[in-house]
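Visitor: Before I ask anything, let me first share the structure, which is written out below as structure tokens.
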Amino acid sequence: MSKHEELEHEELIESMSEKLGFTPQILKTLGELDPHFLKKYNRCNGKLLTDGALPAKMKILMALAVVASKQCERCTVVQMQSALKNGATKEEIMETMEVISITSGAPAVAACRDALKLLKDQ
């Protein structure tokens, strides 16, 4: 990776980390493996983390429901961190948990175990 690409890669990660409130390790790894993929990922992530017709907070809660339905425990933690950073309330998160339960069942709710600990610590 050239010095320019490395700087661009670090700036991208810093920008994404600022929006998320933390730096997921996967971003560092993706950037090291393929800086161009990181740029594409950033464009998609930007859509999720910015207000549009739907507020970012709502889109992040939707993402929480999707990753829970896929039973990705680490993903639910990341989305919970992002939801909290973007102002999601306990009530909004618990209502999202109801949607997860209704649409995806107990395994999806169980995938949120560690994510819900973050809410409990608020």
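Visitor: Could you report the chain's accessible area per residue, 1.4 Å probe, as an integer in Å²? Numbers along the way, then the final one.
Guide: Numbers: 7520 Å² over 122 residues.
About 62 Å² of surface per residue is accessible.
Visitor: Ordering 9, 36 from largest to smallest accessible area (1.4 angstrom probe), what's the sequence?
Guide: Details: 9 20, 36 105 Å².
Sorted descending by solvent-accessible area, the residues read 36, 9.
Visitor: Taking N as the number of residues in the chain, what is its Cα Rg relative to 2.2 N^0.38 Å?
Guide: Output field value: 1.12.
Visitor: To continue, here is another question. How big is the accessible area of residue 93 in square angstrom, nearest 10, if you roll a 1.4 angstrom probe over the protein chains?
Guide: 0 Å²
Visitor: In whole Å, what are the extents of the stretch 30-79 along the principal axes defined by its C-alpha atoms, from largest to smallest?
Guide: Sorted largest first, the three principal extents are 29, 28, 13 Å.
Visitor: Return the calculated 222 nm mean residue ellipticity for the chain, to the nearest 500 deg cm²/dmol, obtained by summing -39500 (n - 2.57) across DSSP H runs with n ≥ 4 and dividing by the residue count.
Guide: Details: 8 runs with 96 residues, N = 122.
The per-residue figure over the chain is -24500 deg cm²/dmol.
Visitor: Work out the length of the dipole vector of the chain about its Cα centre, built from +1 on the beta-carbon of each Lys and Arg and -1 on the beta-carbon of each Asp and Glu, and round it to the nearest 20 debye. Walk me through the numbers on the way to the answer.
Guide: Numbers: 16 positive and 17 negative charges, 62 e Å.
Computed charge dipole of the chain: roughly 300 debye.
Visitor: Kindly sort 75, 112, 44 by accessible area of their heavy atoms, largest first, with the probe set to 1.4 Å. Don't jump to the answer; show the numbers that get you there.
Guide: On the way: 75 50, 112 0, 44 95 Å².
From most exposed to least exposed: 44, 75, 112.
Visitor: Then there's this: Which Cα, out of 66, 24, 118, lies furthest along the positive dipole direction of the chain (beta carbon charges, K/R +1, D/E -1)?
Guide: Of the listed residues, the answer is 66.
Visitor: Here's a follow-up. Using a 1.4 Å probe and counting only protein heavy atoms, arrange 109, 77 so the residue with the most accessible area comes first.
Guide: Sorted by accessible area, descending: 109, 77.
The values are calculated or read from the model by the stated rules, or taken from the named source; none is laboratory data. All values derive from a computational prediction rather than experimental measurement. Methodologically, a virtual Cβ is constructed for each residue, glycine included, from the backbone with ideal geometry; neighbour enumeration extends over all protein chains shown. Ligands, DNA and RNA are excluded from the accessible area calculation, which covers all protein heavy atoms including side chains. Shrake-Rupley method; radii C 1.70, N 1.55, O 1.52, S 1.80 Å.
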